[in-house]
């Protein structure tokens with residue numbers, strides 16, 4: 001199951017954990033990504049907390065926690081090659097994995113149809 | 001994403017930008033291309049293409065004006081700390097309008113065209129500049145704004161190859177000189193005024209052309225194999241690598257030319273002891289700072305990041321003891337160097353090349369070192 005936030009993160013749910021990244025629309029708006037700042041593994045963050053940063057030459061944007069939980073893994077390959085966020089935003093360009101502390105938060109996130117509508121109207 | 005603002009002005013190339021897949025953003029009251037979409041495009045690619053081939057920038061938002069009259073040069077000199085009167089015909093020079101405190105109202109380029117002074121100012125400042133010039137020297141010369149002129153910049157090491165194919169003779173211009181040219185091509189006859197200058201650190205040209213002929217000229221230039229369009233995003237990263245100030249970021253009404261390190265722009269004749277020393281707004285402050293650099297409290301410097309973390313404008317700078325010593329005014333990850341570069345105002349005692357400072361990025365210190373500018377060597381054509 002993939003869900004989206006209004007802040008242009010995607011969340012791919014796998015059991016009681018989730019993989020988080022930025023959407024195709026987000027990386028397209030940012031342009032060439034040159035830097036990412038990823039959260040610390042082991043840290044527990046609340047939904048809407050700033051979990052990381054993604055920067056292109058022209059702009060910087062915060063990456064927010066789509067759901068509350070503990071960071072279990074971060075994508076070191078993305079840290080080394082931030083352009084993965086452009087070339088494969090939904091795959092190799094993932095940001096971090098989180099152990100869900102409140103799976104019910106997922107229900108309030110956007111599904112594909114709602115997110116697509118959001119980006120069309122933006 | 002912001003909604004398109006219907007109040008934004010359009011340059012004569014607006015439709016062309018859209019057809020080229022530009023992403024338009026508001027800038028200086030205009031809808032301007034920040035970058036282009038598609039394969040091989042985008043800020044980074046446009047930046048690299050400018051450094052290796054040639055890029056076409058639309059800078060028609062900038063203000064163009066003419067000052068006419070036998071007294072125009074002497075009058076214009078009363079507004080700026082630069083030598084206007086001795087500039088030879090056909091030559092271009094950098095200048096800046098100052099306020100009574102020596103603060104910079106705008107920076108500009110001007111050319112002595114013999115029968116007039118041709119002036120190019122920043123888009124965001126043009127209305128205020130024209131009012132200021134009119135109020136101060138309108139009685140000594142005629143001031144003609146040129147809103148009917150577009151401005152195209154063709155920049156990069158292959159700019160001369162592309163432009164001389166259309167405009168033989170343009171290759172004879174040297175850096176900071178200009179002339180009138182005619183471009184004849186497939187039944188088109190385009191008159192333009194071309195200077196060999198720009199805002200990228202590369203060899204290149206700025207082309208002033210009537211708005212009715214701007215799109216035809218842009219299409220001719222884009223049809224050359226060396227040339228691709230580039231947006232304001234690349235223009236900003238290119239100018240920063242070249243160590244060139246952006247008005248509003250790196251200089252403004254609160255900074256003097258000496259704090260900004262623009263001493264080179266103040267010719268000897270206007271300095272203390274010169275034949276026409278002073279006589280411009282803020283001269284007392286500016287010349288005092290120039291004559292006694294130890295009295296300066298802050299200076300603009302270049303900084304290179306020692307870690308690969310971009311450092312942006314308004315980031316605080318601290319010395320090794322954690323004391324606040326300055327602030328970044330422009331900064332980004334240099335596409336050419338793949339290293340963070342920035343300009344900043346720092347306390348004078350921290351301005352020496354080699355000084356280590358910490359930029360405080362999201363609460364964490366990022367080490368940087370004061371360095372000479374430009375960050376990337378400039379490649380102007382001096383003949």
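The values are calculated or read from the model by the stated rules, or taken from the named source; none is laboratory data. For clarity, every value in this text was computed on a predicted model and none was experimentally measured. Using ideal geometry, Cβ is built from the backbone for each residue, glycine included, and neighbour counts are taken over all protein chains shown.
Would you point out the residue of the stretch B:362-374, among those that are surrounded by 18 or more Cβ atoms within 10 Å (Cβ to Cβ) and within 27 Å of the chain's Cα centre (by Cα), that is nearest to the other protein chains (Cβ to nearest Cβ)?
Just the residues of the stretch B:362-374 that are surrounded by 18 or more Cβ atoms within 10 Å (Cβ to Cβ), to begin with: B:366, B:368, B:370, B:373.
When the remaining residues are screened for being within 27 Å of the chain's Cα centre (by Cα), the result is B:368, B:370, B:373.
Details: B:368: 15, B:370: 22, B:373: 18 Å.
This residue is B:368.
Can you name the residue in the stretch B:100-144 that is under 18 Å from the mean Cα position of the chain (by Cα) and part of a loop (DSSP other than H, G, I, E, B) and is also surrounded by the fewest Cβ atoms within 10 Å (Cβ to Cβ) among such residues?
B:122
Can you tell me which residue is nearest to residue B:201 (Cα to Cα) among those in the stretch B:312-338 that are in a loop (DSSP other than H, G, I, E, B) and more than 14 Å from chain A (Cβ to nearest Cβ)? Quick ask: steps written out before the conclusion?
So in the stretch B:312-338, the residues in a loop (DSSP other than H, G, I, E, B) come out as B:312-315, B:319-323, B:335-338.
Narrowing the set further to residues that are more than 14 Å from chain A (Cβ to nearest Cβ) leaves B:319-323.
Working: B:319: 31, B:320: 33, B:321: 36, B:322: 35, B:323: 34 Å.
Per the stated criteria, the residue is B:319.
Inspect all residues belonging to the stretch B:269-280 and state whether any of them is touching a strand residue (DSSP E or B) at 6+ places or on another chain (Cβ under 7 Å) and modelled with pLDDT of 95 or more. If you could, list the steps in order and put the result at the bottom.
First, the residues of the stretch B:269-280 that are touching a strand residue (DSSP E or B) at 6+ places or on another chain (Cβ under 7 Å): B:280.
The next check asks that each one be modelled with pLDDT of 95 or more; those that pass are B:280.
Yes, the stretch B:269-280 contains at least one residue that is touching a strand residue (DSSP E or B) at 6+ places or on another chain (Cβ under 7 Å) and modelled with pLDDT of 95 or more.
Please go through the stretch A:62-82 and give me each residue that is buried (at least 18 other Cβ atoms within 10 Å of the Cβ), within 13 Å of the chain's Cα centre (by Cα) and assigned to a strand (DSSP E or B), ordered by number.
Selection gives A:63, A:64, A:71, A:74.
Just to be sure I understand, how many residues within the stretch B:27-53 are over 18 Å from residue A:27 (Cβ atoms) and over 18 Å from the mean Cα position of the chain (by Cα)?
5
Hey, residue B:39 hits all of (1) within 14 Å of another protein chain (Cβ to nearest Cβ); (2) outside any loop (DSSP other than H, G, I, E, B) but one; which does it fall short on?
(2)
I need the full set of residues from the stretch B:339-361 which are in contact with a strand residue (DSSP E or B) (Cβ under 7 Å, 6 or more places away or on another chain) and within 12 Å of chain A (Cβ to nearest Cβ), in order please.
Step one: filter the stretch B:339-361 for residues in contact with a strand residue (DSSP E or B) (Cβ under 7 Å, 6 or more places away or on another chain), giving B:339-348, B:350-360.
Those that are in contact with a strand residue (DSSP E or B) (Cβ under 7 Å, 6 or more places away or on another chain) and within 12 Å of chain A (Cβ to nearest Cβ): B:339, B:340, B:341.
Conditions first: (1) away from chain A (no Cβ under 14 Å); (2) surrounded by 17 or more Cβ atoms within 10 Å (Cβ to Cβ). Residue B:231 passes all but one, so which condition is the exception?
Single failed check for residue B:231: (1).
(1) surrounded by fewer than 20 Cβ atoms within 10 Å (Cβ to Cβ); (2) under 19 Å from the mean Cα position of the chain (by Cα): which one isn't true of residue B:57, the others all being true?
(1)
Which members of the stretch A:63-82 meet the condition of being without any contact (Cβ under 8 Å) to a residue 40 or more places away in the chain and within 12 Å of another protein chain (Cβ to nearest Cβ)?
A:80, A:81
Given the criterion within 14 Å of chain B (Cβ to nearest Cβ), out of contact with any strand residue (DSSP E or B) (no Cβ under 8 Å at 6 or more places or on another chain) and either farther than 23 Å from residue A:86 by Cα or in contact (Cβ under 8 Å) with a residue 12 or more places away in the chain (or both), identify the matching residue among A:46, A:51, A:59, A:26.
Details: A:46 fails: within 14 Å of chain B (Cβ to nearest Cβ); A:51 fails: out of contact with any strand residue (DSSP E or B) (no Cβ under 8 Å at 6 or more places or on another chain); A:26 fails: out of contact with any strand residue (DSSP E or B) (no Cβ under 8 Å at 6 or more places or on another chain).
Result of the check over A:46, A:51, A:59, A:26: A:59.
Assess whether residue A:85 counts as being under 12 Å from residue A:34 (Cβ atoms), within 14 Å of chain B (Cβ to nearest Cβ), buried (at least 16 other Cβ atoms within 10 Å of the Cβ) and in contact with a helix residue (DSSP H, G or I) (Cβ under 6 Å, 6 or more places away or on another chain).
Values: under 12 Å from residue A:34 (Cβ atoms): yes; within 14 Å of chain B (Cβ to nearest Cβ): yes; buried (at least 16 other Cβ atoms within 10 Å of the Cβ): yes; in contact with a helix residue (DSSP H, G or I) (Cβ under 6 Å, 6 or more places away or on another chain): yes.
So residue A:85 passes the test.
Consider the stretch A:29-43. How many of its residues are surrounded by fewer than 19 Cβ atoms within 10 Å (Cβ to Cβ) and more than 10 Å from chain B (Cβ to nearest Cβ)?
4
Please find, among B:118, B:181, B:144, the residue that is free of Cβ contacts under 8 Å to residues at least 40 places away in the same chain and either under 20 Å from residue B:59 (Cβ atoms) or in contact with a strand residue (DSSP E or B) (Cβ under 9 Å, 6 or more places away or on another chain) (or both).
Numbers: B:118 fails: free of Cβ contacts under 8 Å to residues at least 40 places away in the same chain; B:144 fails: free of Cβ contacts under 8 Å to residues at least 40 places away in the same chain.
None of the others qualify; the one that does is B:181.
Consider residue A:16 against the criteria (1) away from chain B (no Cβ under 13 Å); (2) closer than 20 Å to residue A:115 by Cβ; (3) touching a helix residue (DSSP H, G or I) at 6+ places or on another chain (Cβ under 8 Å): it satisfies all of them except one. Which criterion is unmet?
Condition (2) is where residue A:16 drops out.
How many residues are touching a helix residue (DSSP H, G or I) at 6+ places or on another chain (Cβ under 8 Å) and either within 12 Å of chain A (Cβ to nearest Cβ) or surrounded by fewer than 17 Cβ atoms within 10 Å (Cβ to Cβ) (or both) when one looks only at the stretch B:20-36?
Looking only at that region, the number is 6.
Within the stretch B:1-28, count every residue that is closer than 16 Å to residue B:215 by Cα and either modelled with pLDDT under 95 or not in a strand (DSSP E or B) (or both).
Start the filter on the stretch B:1-28 by keeping residues that are closer than 16 Å to residue B:215 by Cα, which leaves B:10-22.
Adding the requirement that they be either modelled with pLDDT under 95 or not in a strand (DSSP E or B) (or both) leaves B:10-21.
Looking only at that region, the number is 12.
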